[in-house]
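The values are calculated or read from the model by the stated rules, or taken from the named source; none is laboratory data. A quick note: this is a predicted structure, and the numbers were derived from the prediction, not measured. Note: ideal-geometry Cβ built from the backbone for every residue, glycine included; neighbour counts use all protein chains shown. When the accessible area is computed, the model is the full protein with side chains, heavy atoms only, and any ligands, DNA or RNA have been set aside. Shrake-Rupley method; radii C 1.70, N 1.55, O 1.52, S 1.80 Å.
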Amino acid sequence: MSKTIAGFSKLSKSEKIDWIVKTYFSNTENAKTIIRQYWNTNQKLQQLHDEFIENTITNYYLPFGVAPNFLINGKHYTVPMAIEESSVVAAASKAAKFWLDRGGFKAEVLATTKIGQVHFMFFGDFETLKAFFDFVKPLLITDCKDITRNMERRGGGILDIELINKTDAIPNYYQLHATFETLDAMGANFINSCLEQFAKTLKEQAAIYDGFSDEERAIDVVMSILSNYVPDCLVRVSVSCSVEELSEITDVSGQAFAEKFVQAVKIAEAEPYRAVTHNKGIMNGVDAVVLATGNDFRAIEAGVHAFAARDGQYRSLSHAKIEDDTFTFWMDIPLALGTVGGLTGLHPLVKLALELLGHPSARELMQIIAAAGLAQNFAALKSLTTTGIQQGHMKMHLLNILNQFEATSEEKTKLISQFQDDTVTHSAVVDALNKLRIKA
Ligand code: MEV
């Protein structure tokens, strides 16, 4: 049977499912049951989800949890997190609770500028292009007035447009490099609309510009698109306490704990293999809140990792130091977020998440998400430099193993209690479950 199909998107939802199950599954009824059991009985809600993307056949659930006790700039938050990894919410909550009694997280938005570029080819002299750019720049901005009016009324808009000569990298390649302030919107649609208008004006004006030869007139726009690299949309977050106070979370002295912690961070600053995993731990916290608040986690991921490699080597985003008996742990992280537009006004759970956070501005959400990332990183490094990661991780994973073997509630209660003290490994849990079942 052919495994390809023409006109799939035109089929109804049930026709799509019929084709998929008969083409790819031996147990068609089982496949259909799994697909259907995630449908929402609320037709309106289901239709909303169906219409987010093309070819929706069902919904993909992730747990939506909350991490309470975050204190950020003196304000309390319970932070919503959408994530499948067992230990993340627990770790964030634990770190938040620890810092709650030590002044909480201090966060500061350093800048909120976003970037977009029109990439084009020009066949002529750069000085001539520069003269044309000086002439056309005001027109580029005025031709965007219909797009920028509302954003400008709120205090945002186009900040600047520069002409960049990239011919060292690729012959005849130039850019319009534009900077934007998009306030509470992530701004992708706004920026891309402006850029496409820049490209149109650029071509139209080049076609009638007196100073160009015919060859120069033929500006070839390759593409117009925002950049997800946002080093100037940056937030700084930190925690600090006396070294002494750190003894409360470990068996060793606060000084010994702090020194090892700082050493672990230095390793991640210097060693790319470690830095990637270190930053992955930060992104456990960041992505979970980004997702819960309806933001684009792929954009955030791409921008954050590019930032982590900005000096040519991939490094830790976070830093730590001991100075005058004070332990300080901090990071700068680029986060281009929106709290209006996109999913934020559409997805009921996203709306709920934003209400839970007190309807934050994009700047406030940058601070909250950075704090969630730093909390996660603190929890991971604390485990790594003391007990090792597996103890806590496997404790949280215990339920996954039990669910995999369809443990009953009674079996779960017994084994959770047993593994309070025993080390959780996959085989130890399976053995214990089998023993229980033999006894019964
Ligand atoms: C696991 O999801 C994240 C960690 O590996 C992060 C780290 O190693 O710092 C624990």
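Does at least one position in region 293-301 carry a residue that is open to solvent by less than 20 Å² (accessible area, probe 1.4 Å), within 15 Å of the ligand (Cβ to nearest atom), modelled with pLDDT of 95 or more and hydrophobic (A, V, I, L, M, F, W, C)? Among the residues of region 293-301, not one is open to solvent by less than 20 Å² (accessible area, probe 1.4 Å), within 15 Å of the ligand (Cβ to nearest atom), modelled with pLDDT of 95 or more and hydrophobic (A, V, I, L, M, F, W, C), which makes the answer no.
Residues are listed down the side, and each one gets a yes or a no for (1) touching a residue at least 60 places away in the same chain (Cβ under 8 Å); (2) more than 16 Å from the ligand (Cβ to nearest atom); (3) touching a His at 6+ places or on another chain (Cβ under 7 Å); (4) not polar (S, T, N, Q):
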residue: His359; (1), (2), (3), (4): no, yes, no, yes
residue: Gly373; (1), (2), (3), (4): yes, no, no, yes
residue: His393; (1), (2), (3), (4): yes, no, no, yes
residue: Lys412; (1), (2), (3), (4): no, yes, no, yes
residue: Gln418; (1), (2), (3), (4): no, yes, no, no
residue: Ala428; (1), (2), (3), (4): no, yes, no, yes
residue: Lys435; (1), (2), (3), (4): no, yes, no, yes
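The set of residues in region 261-276 that are surrounded by 15 or more Cβ atoms within 10 Å (Cβ to Cβ), within 14 Å of the ligand (Cβ to nearest atom) and over 10 Å from Ser316 (Cβ atoms) contains only Phe261. Consider region 125-169 and keep the residues that are part of a loop (DSSP other than H, G, I, E, B) and not small (Gly, Ala, Ser). The one that is farthest from the chain's Cα centre (by Cα) is Asp125. Among the residues of region 371-398, those that are among the aliphatic types (A, V, I, L, M), open to solvent by less than 60 Å² (accessible area, probe 1.4 Å) and closer than 27 Å to Val237 by Cα comprise Ala371, Ala372, Leu374, Ala375, Ala379, Ala380, Leu381. Whether a residue is of a type in the set (S, T, N, Q), more than 17 Å from Ile83 (Cα to Cα) and buried (at least 21 other Cβ atoms within 10 Å of the Cβ) was assessed, and Thr339 passes this test. Residue-level analysis places Ile401 outside the set of residues that are more than 16 Å from the ligand (Cβ to nearest atom) and open to solvent by 40 Å² or more (accessible area, probe 1.4 Å). On the basis of being away from the ligand (no atom under 16 Å from the Cβ), in contact with a strand residue (DSSP E or B) (Cβ under 7 Å, 6 or more places away or on another chain), farther than 18 Å from Val239 by Cα and modelled with pLDDT under 95, does Gly345 make the cut? Here the answer is no, as Gly345 does not meet what is asked.
Residues checked against (1) assigned to a loop (DSSP other than H, G, I, E, B); (2) touching a residue at least 12 places away in the same chain (Cβ under 8 Å):
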| residue | (1), (2) |
| --- | --- |
| Ser26 | yes, no |
| Thr33 | no, no |
| Leu45 | no, yes |
| Asn55 | yes, yes |
| Asn59 | yes, yes |
| Asn69 | no, yes |
| His76 | no, no |
| Pro80 | no, yes |
| Ala90 | no, yes |
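Please specify each residue of region 108-119 satisfying the condition of being buried (at least 23 other Cβ atoms within 10 Å of the Cβ) and of a type in the set (A, V, I, L, M, F, W, C). Listed by number, the list holds a single entry, Val118.
Residue pairs whose Cβ atoms lie under 8 Å apart, separated by 6 or more positions or on different chains, with the first residue in region 234-248 and in the same structural domain as Ile282 (by TED's automatic domain parsing) and part of a helix (DSSP H, G or I) and the second open to solvent by 40 Å² or more (accessible area, probe 1.4 Å) and of a type in the set (A, V, I, L, M), are Val243/Ile322.
Every residue, every condition in (1) modelled with pLDDT of 95 or more; (2) part of a helix (DSSP H, G or I); (3) out of contact with any Ser or Thr (no Cβ under 8 Å at 6 or more places or on another chain), yes or no:
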{"residue": "Lys382", "(1), (2), (3)": "yes, yes, no"}
{"residue": "His393", "(1), (2), (3)": "no, yes, no"}
{"residue": "Ile401", "(1), (2), (3)": "no, yes, yes"}
{"residue": "Lys414", "(1), (2), (3)": "no, yes, yes"}
{"residue": "Ser417", "(1), (2), (3)": "no, yes, yes"}
{"residue": "Thr423", "(1), (2), (3)": "no, no, yes"}
{"residue": "Ser427", "(1), (2), (3)": "no, yes, yes"}
